[in-house]
Amino acid sequence: MKTKSIRNIVVLGLMLLTVLSCSKFEDGPKISLRSVVKRIYGVYKIDYFSKNGTDLTDYWNQYYNLTFKFLKAEAGGGENCSYVEIVGSIDSSGTWKDYSIYNYAYFESSDEVTISLYNCLIDTTIFPAERLLYPLVINLGDGRPIIFTITKLSNKEMWLFYEEGYDDYEIHYKEI
C-alpha cells in the first residue's frame with residue numbers, strides 16, 4: 001500500500017512538472033483553461049512601454065490616451081484573427097485630437113505566439129511626425145504589420161516584445 005501511494009506521488013509530480021514546463025509564454029502563466037485567442041479578447045491600456053530597457057511610459061501617458069480593444073472577429077476572420085479598435089486621443093502639438101483606427105490582428109502559434117498589428121496614423125498632417133511612437137503609433141508607410149511576440153498572456157495582462165535591428169521594445173497592456 002505504501003509503495004502504491006509513493007508511486008502515485010511520483011507520477012503526479014512528473015505530470016505537474018511536464019504541464020508546468022510546457023508554457024508558451026516566458027513570463028507566464030504556466031497553465032490556463034482559456035485558449036490564447038480568448039485571453040487576448042478585452043479592452044487594454046498601455047501599462048508599461050520601453051525601448052532598449054529605457055522606460056518611456058511617462059512619455060506615452062503625456063501624449064497618448066488610447067485604448068486597444070481586441071474583439072472577436074466577425075465571420076470570415078478565422079480562429080486566429082481578432083478585430084482591433086485603437087481609439088482615444090493624441091496630443092497634436094498642444095491640442096488633443098481624437099484618433100481611431102480599426103483593423104485586424106492575426107495570431108500565429110508555434111514555439112512562441114506572435115500577433116501582427118497595424119498601428120498606423122493615416123493622416124500625418126493632423127498628427128505631426130513627432131507624435132509617431134514606433135512601434136505603437138507609426139506612419140502608414142508600406143502598410144506592413146508589426147509582428148510582436150507575446151511574452152505574457154493572462155486574463156488581465158498581455159505583454160508584447162518587438163525587436164528591430166539593435167532596438168528592443170517591450171509593451172505591457174493591462175485590461176481595464
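Restricting the stretch 136-153 to residues that are touching a strand residue (DSSP E or B) at 6+ places or on another chain (Cβ under 9 Å), surrounded by fewer than 18 Cβ atoms within 10 Å (Cβ to Cβ) and not basic (K, R), the residue that is modelled with the highest pLDDT is T149.
Check E157, E164 and return the single one that is within 22 Å of S35 (Cα to Cα) and modelled with pLDDT of 70 or more. Please lay out each step first, then the result.
Details: E164 fails: within 22 Å of S35 (Cα to Cα).
On inspection, the qualifying residue turns out to be E157.
Selection of the stretch 89-120 for residues being of a type in the set (A, V, I, L, M) and either surrounded by fewer than 17 Cβ atoms within 10 Å (Cβ to Cβ) or on the phi > 0 side of the Ramachandran plot (or both) yields only I101. Of all residues in the stretch 93-119, those that are closer than 17 Å to K152 by Cβ and in contact (Cβ under 8 Å) with a residue 24 or more places away in the chain have Cβ atoms under 9 Å from Cβ atoms of residues that are part of a loop (DSSP other than H, G, I, E, B) and of a type in the set (K, R), 6 or more apart or on another chain, in S109/K24; D111/K24; E112/K24; V113/K24. When we screen V19, V37 for residues that are at pLDDT below 80, loosely packed, with under 15 Cβ neighbours inside 10 Å and out of contact with any Leu (no Cβ under 7 Å at 6 or more places or on another chain), the only hit is V19. Only one entry of D27, D91, D47 meets the criterion of being within 25 Å of P145 (Cβ to Cβ) and at pLDDT 75 or above, and that entry is D47.
The values are calculated or read from the model by the stated rules, or taken from the named source; none is laboratory data. Just so you know, these numbers come straight off a predicted model, no measurement behind them. Quick reminder, even Gly has a Cβ in these numbers, built from the backbone with ideal geometry, and neighbours come from all protein chains shown.
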